[in-house]
1. Take the residues in the stretch 50-82 that are in contact with a Phe, Trp or Tyr (Cβ under 8 Å, 6 or more places away or on another chain) and of a type in the set (Gly, Ala, Ser); name whichever of them is nearest to residue 188 (Cα to Cα).
2. Given the condition within 22 Å of residue 246 (Cα to Cα), in a loop (DSSP other than H, G, I, E, B) and at pLDDT below 95, answer yes or no: does some residue in the stretch 9-24 qualify?
3. Scan the stretch 169-209 residue by residue and report those that are among the polar types (S, T, N, Q) and either surrounded by fewer than 21 Cβ atoms within 10 Å (Cβ to Cβ) or over 26 Å from residue 17 (Cβ atoms) (or both).
4. Can you confirm whether the stretch 274-284 contains a residue that is in contact with a strand residue (DSSP E or B) (Cβ under 9 Å, 6 or more places away or on another chain), polar (S, T, N, Q) and closer than 30 Å to residue 47 by Cα?
5. How many residues, within the stretch 162-220, are among the basic types (Lys, Arg) and either part of a loop (DSSP other than H, G, I, E, B) or touching a strand residue (DSSP E or B) at 6+ places or on another chain (Cβ under 6 Å) (or both)?
6. Scan (1) surrounded by 24 or more Cβ atoms within 10 Å (Cβ to Cβ); (2) modelled with pLDDT under 95; (3) among the aliphatic types (A, V, I, L, M) for the single condition residue 166 breaks and write down its number.
7. Hey, does the stretch 200-218 have a residue that's closer than 30 Å to residue 80 by Cα and of a type outside the set (Ser, Thr, Tyr)?
8. When you go through (1) more than 27 Å from residue 175 (Cβ to Cβ); (2) buried (at least 21 other Cβ atoms within 10 Å of the Cβ) one by one for residue 122, which number turns out not to apply?
Amino acid sequence: MRKVAITGIGLSTPLGASMQSFASALLGAESAVHPFETRYSGMVAGARVAEDPAAPCSRHELALADRLSQLAMLAAGRALDDAGLAGGSPLLAGAGLFVGNGSGPSHSVAEAYAALAESGRMPALALLRCMHNAPASHVSIRYGIRGPSHAYAAACASASVAIGEALRSIRHGYTDIALVGGSESPFGDGVLKAWDGLRVLAPVDRDGNTPGCRPFARQRNGIVLGEGAAFFVLEAHEHALARKAHVHGYLAGYGASSDARHFTEPDTAGQVAAMRAALQDSGLAPKDIGYVNAHGTGTKTGDAVEARSITQVFSECEQPLVSSTKAAHGHLLGASGAIELAACMAVLEHGLVPPGLNLDEPDPECDLNHVGGRAKRLDKPCAVLSNSFAFGGSNACLVVSPAEH
């Protein structure tokens, strides 16, 4: 079975546009969560990308690309640059493209239906702007990626599923190289109002103050949405060696499962199955995992169930360090598995585990080996596990291991 190396990382996130700035903010206990005013939902807390993803777009791209696709193109290009692969490179002719997103092009959908309600007509290019596979299509066209192109929609597990399926594709010899990741921009009027309607968003008071996202805390009270994109270049190990590519680490394992139980209430059995499948796929034992990047969204039920699942998987060894980074960068929904894989890569590079922000008082029901409010150094290099657990009962987990030096 072929080893799969990670040779490129590209970001456009609320915490920065490079791995250096992202890791510095994440490990430095910074948060990009801020309250802002919305059209229909009042004041909400969220984490938004500061840079303008439309700036590098051509006139033709701007006519067709929602903010979701603009973020994807930006991060994808940075991943290719980091891997030493220019757009249009012959090496990309047979490369695969695997992209996850959950909400779709929320801004274009909102604009299209607003126009319909007002005038009875849709914008001429609405259909093309609102395709769920638009981010993958835009990335393929801009960078000349001619291999198989797949768009995955599994709610908050979308990017992790996309990355995991790319791992399988390379292992099984369907392609030697793949560009993978996720993009999300859920702040279109309709999607944001739909989340508001579920009553799961962290509150903002009349003065614009918010407790933010508080994963595993006793006083946790909701999700904080975020936007952004994270992409990676995956390569068969021998392919990366042949072109003397820098290896950031290895994508070692992937596991997926379905709860088959409830749309919004997660299930311990399903989560445990996904984590154990990822470990088995990696050939590692629970004791080999030094850190778990938890899905931890800050909801009462979700965090408690995940805590029980993690405890069960690691019941026969020392509990790994655990934190959720969503308090820092928000919940990127379908792209959360991608930005949190970037967080795991920061752990491998720096040997530091991201803090669990806003965890002043851990919930006794979430009895884990919490990192706390400051980054903690790992005792030794180790593999890390990233969890993505979605509405609808879709679960996906990834295992990454350090580069060989």
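1. Looking at residues that are in contact with a Phe, Trp or Tyr (Cβ under 8 Å, 6 or more places away or on another chain) and of a type in the set (Gly, Ala, Ser), I get 72.
2. For the stretch 9-24, residues within 22 Å of residue 246 (Cα to Cα), in a loop (DSSP other than H, G, I, E, B) and at pLDDT below 95: absent.
3. Filtering the stretch 169-209 down to residues among the polar types (S, T, N, Q) leaves 169, 175, 183, 185, 209.
Scanning the stretch 169-209 gives 169, 175, 209.
4. No, the stretch 274-284 contains no residue that is in contact with a strand residue (DSSP E or B) (Cβ under 9 Å, 6 or more places away or on another chain), polar (S, T, N, Q) and closer than 30 Å to residue 47 by Cα.
5. First, the residues of the stretch 162-220 that are among the basic types (Lys, Arg): 168, 171, 193, 199, 206, 214, 218, 220.
Now drop any that are not either part of a loop (DSSP other than H, G, I, E, B) or touching a strand residue (DSSP E or B) at 6+ places or on another chain (Cβ under 6 Å) (or both), which leaves 199, 206, 214, 218, 220.
So the answer is 5.
6. In the conditions (1) surrounded by 24 or more Cβ atoms within 10 Å (Cβ to Cβ); (2) modelled with pLDDT under 95; (3) among the aliphatic types (A, V, I, L, M), residue 166 misses (2) alone.
7. Here is the first cut: in the stretch 200-218, the residues closer than 30 Å to residue 80 by Cα are none.
No - not one qualifying residue is present in the stretch 200-218.
8. It fails just one condition, (2).
The values are calculated or read from the model by the stated rules, or taken from the named source; none is laboratory data. In this text the structure is predicted, and so the values were computed from the model without any measurement. Ideal geometry is used to build each Cβ from the backbone, glycine not excepted, and the neighbour counts take in all protein chains shown.
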